[in-house]
Amino acid sequence: MNPIFAILAGVTVGAAVAAMALRNLVHSVLCLTVSLVGLALLYLRLGAEFAGFVQILVYVGAVAILIMFAVLLTRGGEAPPGRIANAPWSGLAVAAAVFAMIAWAIARSPALRGMAKDPAQPPLSVKAIGDKLTGDLVLPLQVVALLLTAALVGGVVIAMSEKETE
Amino acid sequence: MDRIVEHLWIIPALPLLAAGIIALLKRPHRKAAAALAIGSLGLAFLVSCVAFAATLHPAAGAGTVRLTHNFAWFDLGESTLRLGWLLDPLTAGMLVMVTFVGSLIFVFSVGYMAHDPNFTRFFGFLSLFAAAMLGLLVANNLLFLFMCWEVVGLASYLLIGFWFQKPEAAAAAKKAFVTTRIGDLGFFLGMVWLYHGTGTLLFYDKGAGCLEQGAIASLVAQTTLGGMAVSTAISLLLFCGAAGKSGQVPLHVWLPDAMEGPTPVSALIHAATMVAAGVFLVARVFPLLGASAAGLPADGHVPHTAALAVVTWIGAITAVFGALVAVAQSDIKRILAYSTVSQLGYMMMGLGVGGPAVGMFHLLAHAFFKALLFLGAGSVIHGCHGEQDIRRMGGLRKAMPATFATYAVGMMALAGFPLVFSGFWSKDEILHAALAWSPSRLPFALGLFGAFLTAFYMIRQMWFVFFAPSAHPAARHGHDTRPDAAAPHDSPPVMTVSLAILAGATVAMSLLATPVWPWFHAYLGGHLDHLHVGWDADGAVLATMALSTVAVALGTGVSWRLYSRSATGTDAVERLVPRLFGALRGRLYVDGFYAATVFRLNRAAATAFDWIDRFVWGSLAGSTAWIATGFSWLGRLLDDAGINPGFDAGCAGTRGTGRLVSLFQNGQTQRYLRLVGGGIVAIVVAVAWTGKK
Amino acid sequence: MIGIGIAKGLVQTARNLLGTYTDKDRLPTIEYPEERQALTEATRQFPFLVHDGDDPAKGLRCVACQICEKECPPKCIYIVKSRDKRVDYKGQMQFYPATFDIDYSVCMSCQICVEVCPFESIKMDTEFEFSTADRFRGLLFDKHRLAKSDAHYHRIHPTDAAESDAVMAAERAKAEAKAKADAEAKAKAAAAKLAPTPAASPEAQMEAPKPGSDTPTMPM
Amino acid sequence: MTPYLIVSALLFSIGFAGVLTRRNAILVLVGVELMLNAANLNFVAFWRHGPNPAALDGVMFVVFAIAVAAAEAAVGLALVIAIHRHCRSGNVDEASGMKG
Amino acid sequence: MASLDQIFVALKDWLVAFVPVALQPLAGALLSIVAIMAVFPGIFALTTVVERKLLARFQNRPGPNRVGIPLTKIRLAGFGQFAADGIKSLTKEDIVPRNADRIVHFVAPFVLVAPAFLSLSVVPVGRNMAALDFRETGLLFFFAVGAATELSVFMAGWSSRNKYSLLGAMRGIAQMLSYELPLILSSLVVVMMAGTLSLATIAERQSGVQWGVVHSWHVFTPWGFAGFLIFLTAACAESNRTPFDLPEAESELVAGYFTEYSGFKFALFFLGEYLGMFAISGVAITLFLGGWNAPFTFLDWVPSWMWFFGKLVGFILFFIWLRATLPRLRVDQLMDLAWKFMLPMSLVNLVVAGVWHLAASWPHLLRWPLCVAILALPYWLLSRGFQTRFKTRTYRFAEESRPAPATAAAGP
């Protein structure tokens, strides 16, 4: 295994574990950010520059900040007292079982064995992505645009609704 | 010629641009907004005139001028969705009418809305409406037509609810929106079906359009439920939409309520243009309605198909229904609204019995005089400081002479006074066609009765508004609560000029479709070159003319006699037949009927589902827990009996079962998810296991 | 329109910037330790003690009356009166300050001590550069550091110095006159003892209280 | 290829474990984000190693998934805030009542 | 001349050639890193002094002019100041509040500085002189890396446990998020017209010639000019420069999110802010001002990197000039400006770019007025809307209480 990959994967997974295990919510979200950046770097290693940078732009620039705001708005800045998990062992067991299942599937998959070890870098030009988005995928693009608008409006409405009645 | 149709989009684009710019303006920019709206629509009128001129000279042997320009909108998988513009006499005539009447109404609004704080917004909405309406007219694609149709609905919703501070206005807007949506559901289904059946929504596409021979023949050939031809089913569904928009009988309830909007809106939307959209739609898809096994309807010959029969009957019933209800109303705009319902019925009837030319001519004529009447009513209301009850007006003839004169022209046109008023000729044509309709004579009789009623209620209204001695001093001085308000006054020139132009147009229209020189028929039918001045009508025409003249005269005479003799305050008819009058005033209880049936049904259904939720599902869920508890209770009983301490174990087990069962019901998403996760793993393992074997 | 105001402001500040290189009035700053502004005569910083003659130890005008110590608002003056007396500038026997300390770190330069001093002995100096590494000792000025010559006073505040000289001259003159009168009175009394003349005694009685009544109300 | 898939599976399971166990609703959402991102990693990996990388399908999936995930986060967090206002708590197990 | 133009490239190649072939890419990267880490902090150091001196001049003061070479009388017109400041901040006590979240508090300044360096590395500072050249995603990289700034601001503000810090952080994040939209949209115009996201390619594309002797910088088009102004304003806000310095408004929030930082970490924040400003200025230069291109063809003999750094200095001076001129906005005005003016204007600018592209074959006399008109009308309408908001303030109570004769006297 490539050492750079090992480091990246380790950081990504470790930060993910920390994100799920830490008590303080803000720390959790910061760890999540680290994990997402690690993922973006993994994308870069896989040659998907565009996806990697979009990942950073959207997740670090927007989603992480959004979650931070939500944490602060729900007074989650302090470490919560009391339990942080519900019946952790059974949940962990189920998650472990799921992992075992997927890992087993990966390990036994005949399709993977047929794949090339390290295929040549496929061309990934932003122009091609743009053509694709405005060509074949124009309808999904519109739908996503609509969805984002709806989410925007919905988010505002949900977050505001109770205030009026109070 | 092709250039014209290629650039037909300019006509709707102009008001749309104006609407967009006005939307950016701020409240104080009143002049800019009005100038933009009127200017853009005036420009659109000019362009429409150019387009109209283009349709006057068909190429030799081509018959009707029918220019199309189609283009791809976007690709949808393998198929391409294409839109297009269509220019034919139907479109051109409507374009000129809408832009002309619309411009006049815009000008009128400048005066009428002068004191409204939301003047700018009003013109923005008006422009949006005009844009959508014009877009609807130039569409060569049912989908684009539908889109514009919906925008028209939206604009009408906005305009009816323009004074949304008034709860009635808000309710009326909602009602109009919801009611027309019911019709639109039919429209939408019909459209989808049409697309399914023909694979295109373009009307005319060099032989491949959905209104052309090939497509219609295939639709006629297929049958659906009960042996009905698919074309008939689609036609009826589309007619649902038209009925909703045009206020035909089961769906007419929104139209009178829509009078809560500002009067120019009533004139624009509910007299001249929007309600005409339904009639226009029926005229547009007439080939589909008229399609029978024999093929497309030929010019001048109207086939008897099931779809057209439905249109005719609905139209006739609406015509009489509207007129009847109008007799008993006392709100000046509401009378006109029911009159509109009635006249729309005539149009539909005309379409059903006489084809597009007949129906459309009544539409155009009606647009002018009804706009005139509404604007006149607006002028009256404006002059009386917001008073709308005709019983509290009276004697306005002297106070507002200009309004009186123009209103009288409109009223005579609507009532169908003979010879120089367009209403006479257009109604007469419908009646004539109805007379010739072979399946039944009843529509003719209904139409005649409607003509009588029309004259009756219009005279009643005229008398109350302009002639009656004013019993209430307050009526002279506007509203009760403002005794010191100025006396009724005539409206400013910006309003009366519009009225005068419309009055002139109303009279001028009458020249276009007399039996002596039936230019309009020739124009729509595409045989202008065969047109000549001369009498070549049969005796039936004369007979119809005579009959309708008699009906009008009768209505006028009866009404005048009843009302001019009666004391003011109460209604003459009310004293004669109070119960009938009450029923009519209550709009024949249709609204009440809906309230009692549809709404109550809806609420009952909601209650029922609530009950089912609460008791059936709730008790099912509850009983699971109950059973579990029952088990544990049983276990405890046994334990209490103390027969055997070994029962302790069984009891605990039972209790555990109960707890386990209740675990599924505790509302903890995470537990549910765990089960889901575990279940997936289990299923995968199971599948893999069995698969290996 | 947005932008016009910004452009105007930018032009204005740019004129200011460039003006500092061309226009003296736009850069009025004086680079202090090297360049100094000439002090005006009215400059007053901290109090000092005036001494006549060359020897500060002997010539201090202060008589340790302690009025300034009492009046000082921040109480930064500390005086210990001497046990013995010595001859002051009027020629009278007076106390003198054994200790006279002013804590400049506390002094607020209000000048009240100067106002109340009846002996023209404490005045305001123009010196202000007292920065020191020791903020306790370094700013606690004793009478040796406070004492400055009358010549210094004349140099920094010539007008005031002239005035106070005049006042002191008047005082001295009065004191001398009084001394003379006293001497004469003594002489007369002695003479009267020898040969008492009734006409002379009321004169002496009338003259005697005069200087005494004037002195306490003497300003400055 | 396989290492990427294993990392992806690990991320998915970690996210899943968080969703299953954490009490705080925001962290549940964080777990969901992790799961989504694990799927994205799969897409990219299969795009790179798949038979037809020129078709860009995997990358397009990721781009769309990121857009949708942003919408999901916005709405989800708005919901969390609404629940917090309503129940005075950001814990999922305390918001178990189905009625008002 | 060409040799002078490429002197640094040649130098790097010459140095790299000493290393074994296998390590050459690594060595090249290291050299680039060293160059960036040396040049830009150097500019930062000079900028701090120049800014103070110029601001002083704007306010009719001489500014710092003392510190020169220590132990001598040489003053260097005060340019020894940065060294003194640097030594001071390095040697000052590092204070961490007792309640602070220590780890986050420690990490925050580095999270600010590292992306600033990264974003500088994609800016082409001369012909063939970009440390990192993403042929496909250069601009995207810049924006992606810039996103980390917000995170750093949040970390600093939250971890300090100080209400001023948190308020400053919240303001800063809101401001950065709001202004990122016009920033990206206005640079999108250039991407649209150039058809690439690579900054180097965008710079190269502006070396064409128009009107005889002028290089075809994007700013010489209607969309380019409008885009440049929007970008400039948004850049000002993104780098927290006055008039958009609300996050660190000293008169309101002490120093905003870095109130609780001292010593070296404070200096890092300072460095990070200035590096961010350099980076965004560099991108503005590359996108709109022709990158390393000369303005006129007859000036092409000046080496390209000189042009770039000359323009960068121009930008820095302009930012200082702005800071000396404009007062700070209020929070509501800030948001209004972003959402109600800049965002619509940048959308309109996208339309203009489209029109410009479609009208490529039209004569200039038609194309220019059309595009200018499309821009000017919304500009006029939108700014009319602002006039009521930004109207001159009247101090009612102050003026009422002032006696009449004094009003005339208080004129200037």
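What follows is calculated from the coordinates using simple rules that are stated; it is not laboratory data. What you see is a predicted model, and the numbers here were worked out from it, not measured in a lab. Cβ atoms come from the backbone with ideal geometry, glycine included; neighbour counts cover every protein chain shown.
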Taking R0 as 22 Å, what FRET efficiency do you get between E:LEU181 and A:ASP136 from their Cβ-Cβ distance, rounded to the nearest 0.05?
0.20
Placing each pseudo-label 7 Å from Cα in the direction of the beta carbon, E:PHE318 and E:ILE7 end up separated by a distance in nanometres of 2.7
Among all helices in chain E defined by DSSP H, which have a length of 20 Å or more along the axis from Cα atoms plus a Kyte-Doolittle mean of at least 0.0?
E:24-58, E:102-120, E:138-159, E:163-194, E:222-238, E:263-287, E:304-325, E:343-358, E:364-389
Sorted on mean Cβ neighbours within 10 Å (highest first), peptides B:311-323, E:357-369 come out as B:311-323, E:357-369
What's the magnitude of the charge dipole for segment A:124-166 around its Cα centre, counting Lys and Arg as +1 and Asp and Glu as -1 at the beta-carbon? Answer in Debye, nearest 20.
280
On the formula 1/(1 + (r/R0)^6), with r taken between the Cβ atoms of B:THR657 and D:SER89 and R0 of 35 Å, the FRET efficiency rounded to 0.05 is 0.65
Among A:THR74, B:GLY376, D:VAL68 - extreme Cα towards positive end, dipole of the protein assembly as shown, charges at beta-carbon
A:THR74
For the protein assembly as shown, what is the charge dipole size about the Cα centre, in debye to the nearest 20, if Lys and Arg each add +1 at the Cβ and Asp and Glu each add -1 at the Cβ?
1660
Approximate shape of the protein assembly as shown as ellipsoid semi-axes (Cα gyration tensor, √5λ), whole Å, largest first
85, 51, 38
Normalised by the number of residues in chain A, what is the relative contact order in percent for Cα pairs under 8 Å and 6+ residues apart?
17
Across B:669-682, the residue-averaged tally of Cβ atoms belonging to other chains within 10 Å stands at 6
For B:LYS427, go through the lysines and keep the ones whose alpha-carbon is under 17 Å away, minus same-chain ones fewer than eight residues off.
B:LYS370
Under 17 Å from C:LYS178, Cα to Cα: lysines that are on another chain or at least 8 residues apart:
C:LYS90, C:LYS186, C:LYS188, C:LYS210
Could you order the peptides B:48-56, B:325-333, E:292-300, A:33-41 from most to least packed, using the average number of other C-beta atoms within 10 Å per residue?
A:33-41, B:325-333, B:48-56, E:292-300
Average the reciprocal distances over every distinct pair of alpha-carbons in segment D:2-87, invert the result, and give the Kirkwood radius in Å.
14.0
Would you mind putting C:39-52, C:70-83, B:353-366, D:36-49 in packing order, based on average other-beta-carbon counts within 10 Å, highest first?
B:353-366, D:36-49, C:39-52, C:70-83
Which residue, chosen from A:VAL157, A:LEU137, A:LEU124, occupies the Cα position most advanced towards the positive end of the dipole of segment A:124-166, where the dipole is computed from +1 (Lys, Arg) and -1 (Asp, Glu) charges on Cβ about the Cα centre?
A:LEU124
Name the shape class, rounded, prolate or oblate, that the alpha-carbon gyration tensor gives for chain A, where a ≥ b ≥ c are the square roots of its eigenvalues, rounded holds for a/c under 1.5, and otherwise prolate holds if a/b is larger than b/c and oblate otherwise.
oblate
Can you compute the modelled spin-label distance between D:THR2 and E:THR72, with each label point 7 Å from Cα toward Cβ, in nm?
6.8
Residue mean of other protein chain beta carbons inside 10 Å, A:35-46:
5
Per residue of B:19-27, count partner chain C-beta atoms within 10 Å of its C-beta, then hand back the mean as an integer.
2
Quote the FRET efficiency, to the nearest 0.05, computed for A:MET160 versus B:ARG561 with a Förster distance R0 of 56 Å and r equal to the Cβ-Cβ distance.
0.30
Residue among E:LEU347, E:PHE278, E:ASN99 farthest towards the positive dipole end of segment E:96-388, charges placed on Cβ:
E:LEU347
Taking 0.36 nm per intervening residue step and subtracting the Cα-Cα distance, what contour gain separates C:TYR78 from C:ALA173 on full extension?
31.0 nm
√(5λ) per eigenvalue of the Cα gyration tensor, segment E:66-113, largest first, Å:
34, 12, 6
Going through the cross-link list C:LYS123/C:LYS174; A:LYS127/B:LYS206; C:LYS8/E:LYS88; C:LYS24/E:LYS265; C:LYS148/C:LYS174; A:LYS132/B:LYS245, which pairs have a Cα-Cα distance over 32 Å in this structure?
A:LYS127/B:LYS206; C:LYS8/E:LYS88; C:LYS24/E:LYS265; A:LYS132/B:LYS245
For labels at C:PHE128 and E:VAL372 in the simple 7 Å Cα→Cβ model, what's the distance in nm?
5.7
Calculate the translational D of segment B:155-295 in whole µm² s⁻¹ from Stokes-Einstein, where the hydrodynamic radius comes from the Kirkwood formula applied to all Cα pairs, the temperature is 10 °C and the viscosity 1.306 mPa s.
99
